Amino acid sequence: MNKKELEIIKKKALEEHIPIIMDDTLETIEKYLKEEKVKRILEIGTAVGYSAICFTKFLEKNGIIDTIERDTERIKQAKQNIIKAEVDDKVNIYEGDAVEILPTLNQKYDIVFIDAAKGKYPFFLKEALRMINKNGIIFADNILYKGYVMSDYNKHKQRTAVRNLREYIKEVSENPNLETEILEVGDGLAISKIR
Ligand code: SAH
Ligand code: MG
């Protein structure tokens, strides 16, 4: 697909207030993907397929992205977009709630990108750790959630999300098998390398 078509998908998503990956977050992840041999990616939170389409560039031959989305309207758009982008042989959409779908998966992944319900991040991490390859990387977007996570402000209506994002950071930081950095790009990005 050419860059212009990808820009059209991005523009439409932004107009419809679909929370696609921010440019600096994408650039950061791409730097890592360039250096890895990526055969299989798991994405939690497809939205309209924008990030998945971007990641396909970094797949090895016959590489696959499995991506999970529960919103039927977004799934419809994602399917159209991956066809337009001519990557429908590389992107496999699982339709439904990731909380139900993840436990049914038994693949190994080189990369996991967590980008869905913030209140479920600790659960997504547990499932990611079960399926990630040695030397793989787990990325978690929106980890600083508009700054709420690092502030002491906890009366916000999003406090369940904030509590679970903090729990995620604590778990990846304390896990001796992970080497984690938290970057202030976009809405915050956690990068955990499996040792
Ligand atoms: N990764 C996309 C953006 C994802 S936005 C991109 O950068 O282009 C987050 C998406 O996760 C939303 O579309 C939302 O419907 C979906 N989502 C949130 N919680 C989910 C869950 N528990 N299971 C499946 N999808 C979920
Ligand atoms: Mg996000």
Checklist entry - Here are some conditions: (1) surrounded by 14 or more Cβ atoms within 10 Å (Cβ to Cβ); (2) farther than 25 Å from ILE194 by Cβ. GLU73 meets all but one. Which one does it not meet? => result (1)
Checklist entry - Which of the following residues is more than 13 Å from ligand 1 (Cβ to nearest atom), among the acidic types (Asp, Glu) and touching a residue at least 60 places away in the same chain (Cβ under 8 Å): GLU36, GLU60, GLU43? => result GLU36
Item to check | Filtered residue count, the stretch 102-125, keeping only those that are outside any helix (DSSP H, G or I) and under 15 Å from PRO19 (Cβ atoms) | outcome: 5
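Condition (residue is basic (Lys, Arg) and either modelled with pLDDT under 95 or at positive phi (or both)) applied to the stretch 7-21: is it met by at least one residue?
At the first step, the residues of the stretch 7-21 found to be basic (Lys, Arg) are 10-12.
So of that shortlist, the ones also either modelled with pLDDT under 95 or at positive phi (or both) come out as none.
No, the stretch 7-21 contains no residue that is basic (Lys, Arg) and either modelled with pLDDT under 95 or at positive phi (or both).
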Checklist entry - What single numbered condition from (1) over 18 Å from ILE21 (Cβ atoms); (2) modelled with pLDDT of 95 or more; (3) of a type in the set (Gly, Ala, Ser) fails to hold for ALA98? => result (1)
Next on the checklist: What's the total number of residues in the stretch 183-195 that are in a strand (DSSP E or B) and within 15 Å of ligand 2 (Cβ to nearest atom)?
Outcome noted: 4
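Looking at ALA161, ALA128, can you tell me which residue is assigned to a helix (DSSP H, G or I) and more than 19 Å from MET22 (Cβ to Cβ)? Please lay out each step first, then the result.
Working: ALA161 fails: more than 19 Å from MET22 (Cβ to Cβ).
On inspection, the qualifying residue turns out to be ALA128.
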Next on the checklist: Which condition from (1) over 11 Å from THR46 (Cβ atoms); (2) more than 12 Å from ligand 1 (Cβ to nearest atom); (3) in a helix (DSSP H, G or I) is the one that ASP89 breaks?
Outcome noted: (3)
Item to check | Long-range neighbours under 6 Å by Cβ, at least six apart or interchain, first residue within 17 Å of ASP115 (Cα to Cα) within the stretch 178-195, second of a type in the set (Gly, Ala, Ser) and within 16 Å of ligand 1 (Cβ to nearest atom) | outcome: ILE182/ALA190; ALA190/ALA140
Next on the checklist: Checking the structure you have, find out if any residue of the stretch 166-175 is in a helix (DSSP H, G or I), among the polar types (S, T, N, Q) and at pLDDT below 95.
Outcome noted: no
Item to check | Hits in the stretch 1-25 (condition: touching a residue at least 40 places away in the same chain (Cβ under 8 Å) and surrounded by 15 or more Cβ atoms within 10 Å (Cβ to Cβ)) | outcome: MET1, LEU6, ILE9, LYS10, ILE18, ILE21, MET22, THR25
Checklist entry - Which members of the stretch 1-42 meet the condition of being away from ligand 2 (no atom under 16 Å from the Cβ) and in contact with a Leu (Cβ under 6 Å, 6 or more places away or on another chain)? => result VAL38
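The values are calculated or read from the model by the stated rules, or taken from the named source; none is laboratory data. Since we're looking at a predicted model, the values are computed, not measured. No Cβ is skipped: glycine too gets one built from the backbone with ideal geometry, and neighbour counts run over all protein chains shown.
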